[in-house]
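The values are calculated or read from the model by the stated rules, or taken from the named source; none is laboratory data. Note that the structure is predicted; figures quoted are calculated from it, not measured. Virtual Cβ from ideal backbone geometry, glycine too; neighbours counted across all protein chains shown. Please note that ligands, DNA and RNA were not included when accessible areas were found on the heavy atoms of the full protein model with its side chains. Shrake-Rupley method; radii C 1.70, N 1.55, O 1.52, S 1.80 Å.
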Amino acid sequence: MSGATGVESKAVSARRREILDYVLENGGAQIEELVDRFSTSRMTIHRDLHALSEQGLVRKVHGGVTMLASGVMETSVVHRMRRASREKQAIARVASSFIKAGDIIALDDSTTSRVLSENLPSGMPLTVLTNSMGIATQIAGARDISLISLGGKYHPRFDAFLGILCEQGTKSLRANTLFMSVSAVRDLGAFHQEQEIVKCKMALMQIVDRRILMIDSQKFDVTALNRLASLSDFDVVITDSGVSDSQKNRMLDAGINLHIAQMDAVPTAAHADTP
């Protein structure tokens with residue numbers, strides 16, 4: 001009986017984390033929207049939102065839930081940085097092995113790219129293009145890095161520059177490798193909830209010789225609104241050792257150049273190719 005209760009408790013905690021992630025990504029949600037998305041009852045969603053509200057993470061409103069009025073950027077970015085932090089660190093270690101001296105690399109506004117920016121090879125001359133304020137701030141003082149910050153309208157919730165100015169500025173440049181992430185992978189496709197972010201990612205994908213997708217195992221079989229690309233559109237896909245065997249085999253069978261980052265050991269590649 002206690003074992004069943006423990007499993008149920010883990011399922012509730014996992015669902016509430018996913019609800020919080022969804023609200024953070026979208027700034028809010030309606031009750032019916034959450035009922036449909038998480039395939040559960042209105043009563044269950046109300047209980048979950050009450051628990052999250054009691055923790056000071058969201059604000060319940062009539063018919064739905066919103067982010068708290070203050071500290072939206074800090075709450076969203078910090079929460080996303082903490083989510084799957086071990087997985088992102090492992091993925092960043094593998095990703096950094098693809099970088100060589102003199103490269104021009106592009107980093108998108110994802111928190112996985114921000115983790116990579118903290119793990120760039122030291123003492124190696126690089127040029128870094130990014131639309132992320134957080135990444136730009138992180139590497140601005142690095143002696144060996146030439147930083148190009150892509151312009152556009154600043155969005156505090158994503159701590160990033162987006163919009164037509166960012167897209168146009170991106171298209172005027174060229175880079176060796178793009179490192180990027182998305183919010184969901186489903187049916188061998190990469191998805192993101194925000195259309196403006198998808199447009200900027202697409203612009204970045206068009207200016208590079210090599211595209212590397214960094215995606216932690218918690219993002220598989222998750223739903224997001226906008227399709228960005230097929231996994232086959234990326235030269236390399238890096239995930240962590242938490243990915244299921246069925247997902248791993250499906251990607252390998254599709255010819256995806258898949259690399260698995262081991263969280264408790266030296267990262268290794270699942271695919272025969274090496275960086």
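Observations on the structure shown:
- At R0 = 25 Å, FRET efficiency that the Cβ-Cβ distance of SER97 and ARG17 yields, to 0.05: 0.25
- Anisotropy class of segment 154-215 from Cα gyration tensor, a/c 1.5 cut: oblate
- The count of lysine pairs in segment 153-275 whose Cα atoms are under 14 Å apart, excluding pairs fewer than 8 places apart on the same chain, comes to 4.
- Within the accessible area of the chain, the carbon and sulfur atoms contribute 50%, probe 1.4 Å, all protein chains present.
- Most fluctuating residue given options LYS153, LYS219, LYS88, as computed from a GNM of the chain linking Cα atoms under 10 Å: LYS153
- Beta bridges per DSSP with both ends in segment 133-268, % antiparallel, nearest 5: 45 percent
- Overall, the chain carries a charge dipole of about 340 debye about its Cα centre when +1 sits on the Cβ of Lys and Arg and -1 on the Cβ of Asp and Glu, all other atoms neutral.
- Summarising the label geometry, the points placed 7 Å from Cα in the beta-carbon direction at ARG47 and LYS60 lie 1.3 nm from one another.
- MRE, 222 nm, helices only [DSSP H, n ≥ 4, -39500 (n - 2.57), over the chain, to nearest 500]: -12500 deg cm²/dmol
- Segment 77-215 pair-distance distribution - Cα-Cα, 10 Å bins, rounded %: 12, 48, 36, 5, 0
- Cα radius of gyration and Dmax for the chain (Å): 19.1, 62
- Taken per residue, the accessible surface of segment 157-267 reaches 41 Å², heavy atoms only and a 1.4 Å probe.
- Across segment 188-195, computed HN-Hα scalar couplings (Karplus, 6.51 cos²θ - 1.76 cosθ + 1.60, θ = phi - 60°) run 6, x, 9, 10, 9, 6, 9, 5 Hz from first to last residue, x flagging Gly and Pro.
- Ignoring aspartates and glutamates fewer than eight residues from LYS88 along the same chain, the ones with Cα atoms less than 12 angstrom from its Cα are GLU118, ASP216, ASP240.
- For HIS155, the accessible surface of its heavy atoms amounts to roughly 40 Å² (probe 1.4 Å, protein chains only, rounded to the nearest 10).
- Semi-axes of the equivalent ellipsoid for segment 183-271, computed as √(5λ) from the eigenvalues of its C-alpha gyration tensor and ordered from largest down, come to 22, 15, 12 Å.
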